[in-house]
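Read the structure below first, then the notes.
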Amino acid sequence: MFSAPPPPPTFSFGAKDRGSARSRSPRSLRPTQSSKRTPLKPLHWVKVSRATQGSLWAETQKSDEASRTPEIDISELESLFSVAMPNMEAKRARQRPSVAAKQEKVLLIDLQRSKNCEIMLRNIKMPLPDLMDSVLALDDSIVDGDQVDYLIKFCPTKEEMELLKGFTGNKENLGKCEQFFLEMMKVPRVESKLRILSFKIKFLTQVADLKNSLNTINSVAEEVRNSVKLKRVMQTILSLGNALNQGTARGSAVGFRLDSLLKLIDIRARNNRMTLMHYLCKVLSEKLPEVLDFNKDLTYLEPASKIQLKELAEEMQAITKGLEKVEQELTTSEKDGPGSEIFYKKLKEFLADAQAEGRSLAFLYSTAGKSADSLAHYFGEDPVRCPFEQVVSTLLSFVKTFERAHAENLRQMELEKKRAQMEAEREKVKAAAHKEDLLEP
């Protein structure tokens, strides 16, 4: 009697079962390749280790689902995606013993991120250890703010750190991006330190720009309040308005809203050749010509029109929060050990100077806020209803419209003068001709 034949061996595409499946299979079913597995190119994915309930991966674990998964032809996979050279290339390489085989780099990081990282490193052009030493020394003479921001962008993530920590091979065979990440991992809280370096590099420029804007606010407020010529122009407009509105509810005004300045150009004379703005310029030319250049008193009006108080508040807040983070990092880095001693010393020095700048800046910020409000109050306006930006833009529009109207008046006067001269010449010629006619017999 003969026993029933054994069932045919099953093959699994899992790496763990691949070798055992081959060893158990009959010779006729084994793939035509050596027993040693050919190294394959890795797929750079983020592995899911635990399938959450209800997810696709939990469903895949079920036996009926696993049976529907197609079998993978390992031989074909190895022939297409092997790391080693094909047989013909290997043969040619053996025929050229003088040419050393190039060591294939091991890439663990996502390919696109790795490429972008290498591009960034080419722009910095510095050995990685020296780069990290400059970070620990808070040396802003070697890298600029943009380069530090790029370094922050390419700080290794938690998952990437785990990948590199789990690598047991020769680290010299890793790619440039992987080598860079390993170097960064030697610095405790490297991302935090890079952000501190970025803040330090930009700090003086940020403070200088903010101080410039705050000083402009103080200056324009002082210019406007101290300009006697502007005051005379405003008084003349008030007199014109009261004259036009005499006998109406709008008459006998003691002042007017600031936005009324923009309405002067809309009121046209009956002959349609002149606006009230042109007439204002004419009156001032005849009665108070010394105030026509009042715009020269307001040199800060143009730069002040580009300032937004909200943006200044955001910049001030960013500087304040940045200094708070520097304080926190100083406290934390004190416990980092010998590797961060220079960093701690340099950071402590920077913080002392930066805090002094911060106090000076806070005082100037407070003063500028009061100046901005005082500008609205000067024209009898509520700073909430008519904020600094509106006051400055209205005044600037009025000044430019006034200048145009005055220039047009001058051109018109010049044309009328030439016209009068030509008319006088014609009359002169006509009189001479008439005289000659009288002298003829």
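The values are calculated or read from the model by the stated rules, or taken from the named source; none is laboratory data. None of these values were measured; they are calculated from a predicted model. Don't worry about glycine lacking a Cβ; one is built from the backbone with ideal geometry, like all the others, and counts go over all protein chains shown. Side chains included, ligands, DNA and RNA excluded: accessible areas come from the protein's heavy atoms. Shrake-Rupley method; radii C 1.70, N 1.55, O 1.52, S 1.80 Å.
Here are a few things to note about the model shown:
- Taken together, the residues in region 357-397 that are open to solvent by 60 Å² or more (accessible area, probe 1.4 Å) and over 29 Å from the mean Cα position of the chain (by Cα) amount to 7.
- Any hit, region 189-212, residues being among the acidic types (Asp, Glu) and more than 20 Å from GLU329 (Cβ to Cβ): yes
- Each residue in region 246-279 was checked for being without any contact (Cβ under 8 Å) to a residue 24 or more places away in the chain, of a type in the set (D, E, K, R) and assigned to a loop (DSSP other than H, G, I, E, B), and 3 pass.
- Extreme residue, farthest from the chain's Cα centre (by Cα), among residues of region 174-214 that are β-branched (Val, Ile, Thr) and buried (at least 17 other Cβ atoms within 10 Å of the Cβ): VAL187
- Residue among VAL233, VAL254 that is among the hydrophobic types (A, V, I, L, M, F, W, C) and under 44 Å from the mean Cα position of the chain (by Cα): VAL233
- Subset of region 123-149 that is touching a helix residue (DSSP H, G or I) at 6+ places or on another chain (Cβ under 9 Å) and farther than 25 Å from PHE203 by Cα - its residue that is modelled with the highest pLDDT: PRO129
- The residues in region 363-390 that are under 20 Å from GLY322 (Cα atoms) and touching a residue at least 12 places away in the same chain (Cβ under 8 Å) can be counted, and the count is 2.
- Answer residue from region 224-247, given it is hydroxyl-bearing (Ser, Thr, Tyr) and open to solvent by less than 70 Å² (accessible area, probe 1.4 Å) and is farthest from TYR378 (Cα to Cα) among those: THR236
- Residue within region 334-348 that is within 30 Å of ASN215 (Cα to Cα) and acidic (Asp, Glu) present: no
- No other residue among GLU414, GLU403 is under 28 Å from HIS278 (Cα atoms) and either at pLDDT below 95 or open to solvent by less than 60 Å² (accessible area, probe 1.4 Å) (or both) apart from GLU414.
- Complete set of residues in region 116-129 that are open to solvent by 60 Å² or more (accessible area, probe 1.4 Å) and within 18 Å of GLU172 (Cα to Cα): PRO127, PRO129
- Qualifying position, being surrounded by fewer than 14 Cβ atoms within 10 Å (Cβ to Cβ), in a helix (DSSP H, G or I) and touching a residue at least 40 places away in the same chain (Cβ under 8 Å), among GLU315, GLU290: GLU290
- Residue pairs whose Cβ atoms lie under 7 Å apart, sitting 6 or more positions apart in sequence or on different chains, and linking a residue in region 340-361 that is without any contact (Cβ under 8 Å) to a residue 24 or more places away in the chain and part of a helix (DSSP H, G or I) to a partner that is of a type outside the set (A, V, I, L, M, F, W, C) and buried (at least 18 other Cβ atoms within 10 Å of the Cβ), are TYR344/SER333.
- Of the residues making up region 318-331, those that are open to solvent by 30 Å² or more (accessible area, probe 1.4 Å) and touching a residue at least 12 places away in the same chain (Cβ under 8 Å) are ALA318, THR320, LYS325, GLU327.
- ALA221 vs. criteria open to solvent by less than 10 Å² (accessible area, probe 1.4 Å) and among the small types (Gly, Ala, Ser): yes
- Test: ASP144 is within 26 Å of LYS325 (Cβ to Cβ), of a type outside the set (A, V, I, L, M, F, W, C) and open to solvent by 60 Å² or more (accessible area, probe 1.4 Å): yes
- Looking only at region 267-285, and only at residues there that are modelled with pLDDT under 90 and more than 13 Å from LEU240 (Cα to Cα), the one that is most open to solvent (accessible area, probe 1.4 Å): ARG270
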